[in-house]
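Participant: For reference, the structure I am asking about is given below.
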Amino acid sequence: MSQPSSSFSLPTPPTILVTGGCGFIGSALVRYLLSETDARVVTVDKLTYAGSPRNLAGMADHERHTLEVEDIADEAAMRRLFSAYAPDAVVHLAAESHVDRSIEGPGAFIQTNVLGTYTLLEVARDYWAVLPERQRTAFRLLCVSTDEVYGALGADGAFTESTPYDPSSPYSASKAAADHLARAWHRTYGMPTLITNCSNNYGPYQYPEKLIPVVILKALSGAPIPVYGTGMNVRDWLYVDDHVRALYTVLTEGRVGETYNIGGHGERTNLEVVEAICSHLDEVHPRSGGRYRSLVDFVDDRPGHDWRYAIDPTKITSELGWTPRETFESGIQKTVEWYLDHRGWCRAVLEKKQTSHVARA
């Protein structure tokens with residue numbers, strides 16, 4: 001079987017199928033593809049609590065966009081979509097993604113992240129195998145993963161593409177399994193897969209169960225801001241628009257079969273993140289009851305809470321020329337101001353599915 005070349009040579013315009021395209025990162029990618037490229041985009045989303053057409057910000061009815069409400073674990077549905085739309089590329093973002101939820105109920109994570117990825121790979125493999133040679137050579141399937149598959153770091157060092165997997169939670173274990181499947185489908189069948197592992201994303205349209213939107217909304221409501229343990233766990237933060245630029249770069253320029261780590265050079269302790277948000281809110285939306293920092297409430301740590309994550313993005317920078325445009329400070333300011341200006345969106349998504357989980361990072 002001939003191996004695909006490293007360059008991405010698609011028809012113009014290409015059709016790109018995005019799984020999980022109504023979620024946080026997926027919707028940012030869909031918005032990017034529709035505003036910055038000439039691609040036709042097919043969004044496939046199950047529309048769980050964290051996925052909503054509202055996240056597409058006016059792009060849902062774009063003439064080059066189609067939304068299909070389907071489950072990636074439904075083989076018949078996936079075969080119908082590949083047959084109907086004949087995608088030139090797939091970006092796979094559909095996943096259950098919240099660590100706390102995976103601890104309380106891991107079954108959904110295995111179903112979507114493992115079995116769903118398997119189903120998508122098999123349907124894509126059958127589709128790809130019978131494409132005409134030129135289209136088969138150009139086809140790509142990019143699986144979007146997380147730095148959490150690597151486990152925890154000590155005080156020094158950073159994850160590279162060769163760091164051994166050591167997942168700590170049902171969520172990260174399910175994503176590690178998905179990565180291994182994508183890699184195996186390339187090595188066994190020659191499938192033109194790529195994998196990206198990114199650091200913690202933040203920005204507009206993030207569902208309010210993750211650390212940054214929880215802190216913003218708790219602060220604005222005057223409620224206690226929950227912080228796990230001492231708040232000293234460290235994460236490497238990446239603004240979501242920088243991430244989706246990186247995904248498109250890997251999709252169109254990355255070498256088939258390779259993994260690319262995507263990081264934002266934004267290491268901060270969780271407490272530093274909370275304090276940065278509080279400080280910016282003090283400036284742009286002062287609180288009559290005092291400074292927002294006074295609302296911080298340290299709560300019991302969660303099981304399996306990895307101490308530190310940090311990504312070394314040298315490979316994607318040196319090979320593909322991608323670098324983040326936002327600093328942590330500029331990204332946090334944009335994010336806080338977006339949530340201040342979009343409280344209606346926050347109310348709507350929270351009405352869809354209330355969550356009582358403590359913020360994670």
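Participant: I need a count of the residues in the range 50-99 that are surrounded by fewer than 20 Cβ atoms within 10 Å (Cβ to Cβ) and either charged (D, E, K, R) or over 22 Å from the mean Cα position of the chain (by Cα) (or both).
Facilitator: Qualifying residue count, the range 50-99: 19.
Participant: Name the single residue, out of those in the range 243-284 being part of a helix (DSSP H, G or I) and among the polar types (S, T, N, Q), that is nearest to the chain's Cα centre (by Cα).
Facilitator: The residue in question is T249.
Participant: Still on this structure, I have one more. Output the residue which, of all residues in the range 292-309 that are part of a helix (DSSP H, G or I) and surrounded by fewer than 18 Cβ atoms within 10 Å (Cβ to Cβ), is nearest to the chain's Cα centre (by Cα).
Facilitator: R293
Participant: Now for a separate question. Among the residues of the range 329-356 satisfying the criterion of being among the hydroxyl-bearing types (S, T, Y) and surrounded by 11 or more Cβ atoms within 10 Å (Cβ to Cβ), which is modelled with the lowest pLDDT?
Facilitator: Only one residue tops the list, namely T355.
Participant: Among the candidates A182, A219, A173, A178, single out the residue that is part of a helix (DSSP H, G or I), small (G, A, S) and under 23 Å from T314 (Cα atoms).
Facilitator: Result of the check over A182, A219, A173, A178: A182.
Participant: Can you find, within the range 185-209, the residue that is nearest to A276 (Cα to Cα) among those that are in a strand (DSSP E or B) and under 12 Å from the mean Cα position of the chain (by Cα)?
Facilitator: Across the range 185-209, the extreme among qualifying residues is Y202.
Participant: Hey, another quick one. When you check D312 against the structure, is it touching a residue at least 60 places away in the same chain (Cβ under 8 Å), crowded, with 16+ Cβ neighbours inside 10 Å and either of a type in the set (K, R) or out of contact with any His (no Cβ under 7 Å at 6 or more places or on another chain) (or both), yes or no?
Facilitator: Yes, satisfied.
Participant: Being touching a Lys or Arg at 6+ places or on another chain (Cβ under 9 Å) and buried (at least 19 other Cβ atoms within 10 Å of the Cβ) is the filter here, so list the residues in the range 277-291 that pass it.
Facilitator: C278, L281
Participant: Pick out the one residue from S6, S27 that is in contact with a Leu (Cβ under 6 Å, 6 or more places away or on another chain) and either modelled with pLDDT of 95 or more or surrounded by fewer than 24 Cβ atoms within 10 Å (Cβ to Cβ) (or both).
Facilitator: Among S6, S27, only S27 is in contact with a Leu (Cβ under 6 Å, 6 or more places away or on another chain) and either modelled with pLDDT of 95 or more or surrounded by fewer than 24 Cβ atoms within 10 Å (Cβ to Cβ) (or both).
The values are calculated or read from the model by the stated rules, or taken from the named source; none is laboratory data. On a predicted model such as this, the values are computed, not experimentally measured, just so you know. Cβ coordinates were reconstructed from backbone atoms using ideal geometry, including for glycine residues, and neighbour counts include every protein chain displayed.
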